[in-house]
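To start, the structure itself, in structure tokens.
The values are calculated or read from the model by the stated rules, or taken from the named source; none is laboratory data. Please read all numbers here as calculations on a predicted model, not as lab measurements. Glycine gets a Cβ as well: all are built from the backbone with ideal geometry, and neighbour counts include every protein chain shown.
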Amino acid sequence: MKRRATCAVVVVERGLPVGLVTDRDLVTKVLAKGRAPGSVRLLELCGSPIVTMAVDEPPAVAARLMREHGTRWLVVVGPDGRPVGVLTVEDLFARFARQLGHLSLAVDRLREPGVSERAEPLPPREAEDVGAG
């Protein structure tokens with residue numbers, strides 16, 4: 001984790017994700033119990049079941065999965081089921097905050113005299129993301 005500057009590691013068996021270990025898992029399940037990190041197998045630390053989402057799913061699906069499963073992390077998988085990354089609640093928050101900022105600017109522009117008649121719609125992908133959820 002330190003070498004890659006990450007807070008989570010996907011545990012993989014035969015190329016498929018079987019668990020996720022976070023820095024918090026290491027602190028609460030290993031260090032706080034006085035265990036030596038080298039004496040613990042990663043599978044012992046994995047939360048279960050692992051929650052995954054497809055790489056092509058929209059952010060609203062990720063938010064729903066996190067809410068339904070009570071998790072702050074999702075393993076993102078490609079079409080073959082292999083992990084391609086990890087998505088965090090902080091990632092989603094940043095994405096939604098950007099969208100809200102864009103929406104706020106658009107609303108402010110619409111309030112300017114004469115703008116509403118010539119306002120441009122959001123590009124299709126952004127309109128889909130903003131309305132999803």
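Within region 1-40, restricting attention to residues that are among the basic types (K, R) and at pLDDT below 85, which residue is nearest to P83 (Cα to Cα)?
R4
Between a first residue in region 9-24 that is of a type in the set (A, V, I, L, M, F, W, C) and a second residue that is assigned to a strand (DSSP E or B) and loosely packed, with under 15 Cβ neighbours inside 10 Å, which pairs have beta carbons less than 9 Å apart while being 6 or more apart in sequence or on different chains?
Close Cβ pairs (under 9 Å, with a partner that is assigned to a strand (DSSP E or B) and loosely packed, with under 15 Cβ neighbours inside 10 Å) amount to V10/G85; V18/V12.
Taking region 4-63 as the region of interest, how many residues are surrounded by fewer than 16 Cβ atoms within 10 Å (Cβ to Cβ) and in contact with a Cys (Cβ under 7 Å, 6 or more places away or on another chain)?
Counting residues in region 4-63 that are surrounded by fewer than 16 Cβ atoms within 10 Å (Cβ to Cβ) and in contact with a Cys (Cβ under 7 Å, 6 or more places away or on another chain) gives 1.
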